Amino acid sequence: MLILVTYDVETTTPEGQKRLRNVAKVCLNYGQRVQNSVFECVIDFSQYTKFKLELKGIIDSAKDSLRIYN
């Protein structure tokens, strides 16, 4: 399956900067960067499930934005 991942992480605090680095690292493990905060990933369903859980564990949903498109 081909997915497109986009994110916007609030980086005004050191914690936000760390989240941004961690999100980018996880995305690089699963796909290819096509823009600064946009990744294309070709993964199977089990990888997709794991990937999504990893990202949701990093993202602060009150401050950050994460979008995943099939």
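Within segment 53-66, residues that are without any contact (Cβ under 8 Å) to a residue 40 or more places away in the chain reach partners that are in a helix (DSSP H, G or I) and open to solvent by less than 60 Å² (accessible area, probe 1.4 Å) with beta carbons closer than 8 Å, at six or more positions or on different chains, in the pairs 54/26; 58/19; 58/22; 58/23; 58/26.
Quick check on my filter: what residues within segment 15-50 are open to solvent by 80 Å² or more (accessible area, probe 1.4 Å), in contact with a strand residue (DSSP E or B) (Cβ under 9 Å, 6 or more places away or on another chain) and over 14 Å from residue 1 (Cβ atoms)? Hits for segment 15-50 are 28, 32, 33, 35.
Note on segment 1-14: residues that are more than 19 Å from residue 69 (Cβ to Cβ) and either open to solvent by 100 Å² or more (accessible area, probe 1.4 Å) or out of contact with any Gly (no Cβ under 8 Å at 6 or more places or on another chain) (or both) total 4. Scanning segment 61-70 for residues being loosely packed, with under 12 Cβ neighbours inside 10 Å and either closer than 13 Å to residue 5 by Cα or not polar (S, T, N, Q) (or both) gives a total of 4.
The values are calculated or read from the model by the stated rules, or taken from the named source; none is laboratory data. Please read all numbers here as calculations on a predicted model, not as lab measurements. As a convention, Cβ positions derive from the backbone with ideal geometry for all residues, glycine included, and neighbour counts pool all protein chains shown. For the accessible areas, the whole protein counts, side chains as well, though only heavy atoms, and no ligand, DNA or RNA atoms are used. Shrake-Rupley method; radii C 1.70, N 1.55, O 1.52, S 1.80 Å.
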